[in-house]
Amino acid sequence: MPLPEGLIEQIRQRVDLVELVSEVVALKRVGRNYAGLCPFHSEETPSFFVHPERGIFKCFGCGKGGNAITFVMEYYRMGFLEAVRFLAQRIGITLPTAGEEEEARKESHEQLLLQALQAAARFYTQMLTSAEGAAALQYAYRRGLRMETLQRFSIGYAPERWDALLQYLRERGFHEAVLEKAGLVVRSERGQLYDRFRHRLMFPIYDAIGRVVGFGARRLREEEATPKYLNSPTTPVYDKSRLLYGFYQARDAFRTNGYAVLVEGYLDVLTLHQAGVTPVVATAGTALTVDHLRLLRRYCQQLFVVYDADRAGQQATLRALELALAEGFDVHIVLLPDGEDPDSFVRAQGAEAFRLRMRHAVPFVDFVLLQYQRQGMLETPQGQAQAVRHVVRLIASIPDKLLHDFLIRRVAARFGIAESVLYEELARQRQGLHAERTLPRIAPAQPDTAPQPERARLRLFPEERQLLQTILLCPAVWSELAHGGPVEFASEEGQQLWEFLCSLRKQYDDPLAALVADMELQQSEMGQRLMEIAIVTESPSPRWWQFTQSDPPDERRLLRESLLRLRLRRIEEQLQRLRQLYGQHGSWDEQRQFLRQLQELLVQRQQLVQQLTEDTAWNTGG
């Protein structure tokens, strides 16, 4: 049955949007709003804003905006009802339910997959401590894992039987098609279903909000001619190129510590976490991707890469730091003794020895040169030139141009090369990187910088933006507008937005509240633009920051100032047109008429300037 609109609105109002968004984005207070890196597209500087008072968010880069429900739908890829259920559970509101049969029919396909995966995780966890799982539990203990670590990460065991999980989930009412779609069972060539994972140690993989979406599985018999690790296939809820193992358990540690530790294996994550190095994640059966890094970048800027100390691990490190630098990370590489990985190193030498290695982690420039040195390539001019080009290419990929100068100087001093030569190479590398980047970037439309007065009228003027902001954020000032004459905007965009806002006002007392509550209105072009204006990303007037939280801005005075400035803008435009026309007509009477109009406009302008001056003096106590 459909949920009552009043209940949905109650849920939306009770959710702390700042707290909700802060779980996936590091937010900082900026005036009345909070700002951070957008979770929906890649960016170097924050353009994502949350307005806590009205419960809305807006990104000025990609354009996404909305309320708490919209955010959950967009970020966690949920349907509307699923997002409402998620938020209701979060704040302790019980939703009305229909009968079990009707409720089952209405469950989304993805929700059924998630329920099956969660049930499978419970089954595997139970089996680990059963008689069948004794060998798996002993293996985990031999690897140094304690029971509290196994429980925290819900480590389990897949029995050796062909249909153990299949029978368990069938008995609990799950349809075979759902289990196959979730990647839990496989269909043979003869059409027979059997468990995908058998006699393996199971590692549940969680999404950012703690839902099991897939599994990694390690074999327990080393002599078996099967892959050491198996992973869930790509499903509607699991994409290994976008998820990191251990991310859900490490989210708070990223924010607390300000860095992430990137390792290669599941056991590396468990061992380091158990040793107290908690902001640690690993890729799940795939190479590191840009999406992995963008997920981490929302939480921290510093990245420690700790891959295996073999040739394959060092090559993977080079690839990882190349991707991470381009995403704006401050990258350091933790060096381990030959043949070691984080798991084996910590078990052999202890947690404090690993922390010491982290404190002595090397910057990316030193790591790259070390790889060339180990191959003996720094002994020849040709090898040195190749190494320098490699380093300069990495420097060119760093978004922060200020860092380029410091790094170039360091490389020049290291090799005794003229900085001018390195800057020439840097310019070539930048050009090459620019040519390679073929992925389209979503960016806001930029105004034409050429002097085109007529086109400038298409865009919103500052006083128009201030007027719309004031009305949106304080609907009580609508009564003030009723006492004045008709409001006429100077720009086409301003007039269109004003007409749209007036049409909303005829239906709703609070147009912004209507925009926040109505998803269809939110997604309209005008709705998106008004929500963008409502998020105050800059001072709405020159005196805005003189107000404090204990002395809130006087919205009526801001409204009056905006209207005065808008009228002044219209008069200035009329004066400009008249000056252009003056002298084009030969008749003395016509020229006298132009002069009279000019004089009247100049008087009106002087009156408006005087009113603005008086308002400013009164407001500042002058």
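The values are calculated or read from the model by the stated rules, or taken from the named source; none is laboratory data. Please read these numbers as outputs of a predicted model, since none were measured by experiment. Cβ placement follows ideal geometry from the backbone for every residue including glycine, while neighbour counts extend to all protein chains displayed. These area figures cover heavy atoms from the full protein model, side chains too; ligands, DNA and RNA do not enter into them. Shrake-Rupley method; radii C 1.70, N 1.55, O 1.52, S 1.80 Å.
So here's what we get for this one:
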read-out	value
Looking only at the range 304-341, and only at residues there that are among the charged types (D, E, K, R), farther than 16 Å from A260 by Cα and free of Cβ contacts under 8 Å to residues at least 60 places away in the same chain, the one that is surrounded by the most Cβ atoms within 10 Å (Cβ to Cβ)	D308
Where a residue in the range 407-425 is farther than 16 Å from P363 by Cβ and without any contact (Cβ under 8 Å) to a residue 24 or more places away in the chain and its partner, wherever it lies, is part of a helix (DSSP H, G or I) and open to solvent by 70 Å² or more (accessible area, probe 1.4 Å), with Cβ under 8 Å and at least six apart	E419/R409
Of residues in the range 281-291 being open to solvent by less than 40 Å² (accessible area, probe 1.4 Å) and touching a Phe, Trp or Tyr at 6+ places or on another chain (Cβ under 9 Å), the one nearest to R152 (Cα to Cα)	V281
Where a residue in the range 126-141 is open to solvent by 90 Å² or more (accessible area, probe 1.4 Å) and its partner, wherever it lies, is of a type in the set (A, V, I, L, M, F, W, C), with Cβ under 7 Å and at least six apart	T129/L137
Y75 open to solvent by 10 Å² or more (accessible area, probe 1.4 Å), closer than 24 Å to P236 by Cβ and not charged (D, E, K, R)	yes
Elements of type helices (runs of 4 or more DSSP H) contained in the range 131-173, each with 3 or more residues being of a type in the set (A, V, I, L, M)	134-142, 164-171
Of all residues making up the range 207-242, the number that are of a type outside the set (D, E), in contact with a strand residue (DSSP E or B) (Cβ under 6 Å, 6 or more places away or on another chain) and within 18 Å of L113 (Cα to Cα)	9
Test: residue in the range 380-391 that is surrounded by fewer than 16 Cβ atoms within 10 Å (Cβ to Cβ) and in contact (Cβ under 8 Å) with a residue 24 or more places away in the chain	yes
Subset of the range 515-541 that is aliphatic (A, V, I, L, M) and at pLDDT 70 or above - its residue that is surrounded by the most Cβ atoms within 10 Å (Cβ to Cβ)	L515
Subset of the range 36-68 [of a type in the set (A, V, I, L, M) and open to solvent by less than 10 Å² (accessible area, probe 1.4 Å)]	V50, I56, A68
Residue list for the range 209-226, restricted to those being more than 30 Å from F71 (Cβ to Cβ), assigned to a loop (DSSP other than H, G, I, E, B) and open to solvent by less than 70 Å² (accessible area, probe 1.4 Å)	L220, E224, T226
Given (1) acidic (D, E); (2) surrounded by 15 or more Cβ atoms within 10 Å (Cβ to Cβ); (3) at pLDDT below 55, number of the condition D448 does not satisfy	(2)
Some residue of the range 79-92 being modelled with pLDDT under 85 and buried (at least 16 other Cβ atoms within 10 Å of the Cβ)	yes
Lone unmet requirement of (1) at pLDDT below 95; (2) over 27 Å from V290 (Cα atoms); (3) of a type in the set (A, V, I, L, M, F, W, C) for L356	(1)
Flag for V18 being touching a Leu at 6+ places or on another chain (Cβ under 9 Å), under 28 Å from L114 (Cα atoms), without any contact (Cβ under 8 Å) to a residue 60 or more places away in the chain and among the β-branched types (V, I, T)	yes
Scan of the range 182-226 for residues that are of a type outside the set (G, A, S) and without any contact (Cβ under 8 Å) to a residue 12 or more places away in the chain, ordered by number	V186, R187, E189, R190, Q192, E222, E223, E224, T226
Within the range 7-35, considering residues that are open to solvent by 30 Å² or more (accessible area, probe 1.4 Å) and polar (S, T, N, Q), the one farthest from D291 (Cα to Cα)	Q10
Answer from L179, L165 - the residue that is in contact with a Leu (Cβ under 9 Å, 6 or more places away or on another chain), touching a residue at least 24 places away in the same chain (Cβ under 8 Å), open to solvent by less than 70 Å² (accessible area, probe 1.4 Å) and closer than 22 Å to A135 by Cα	L165
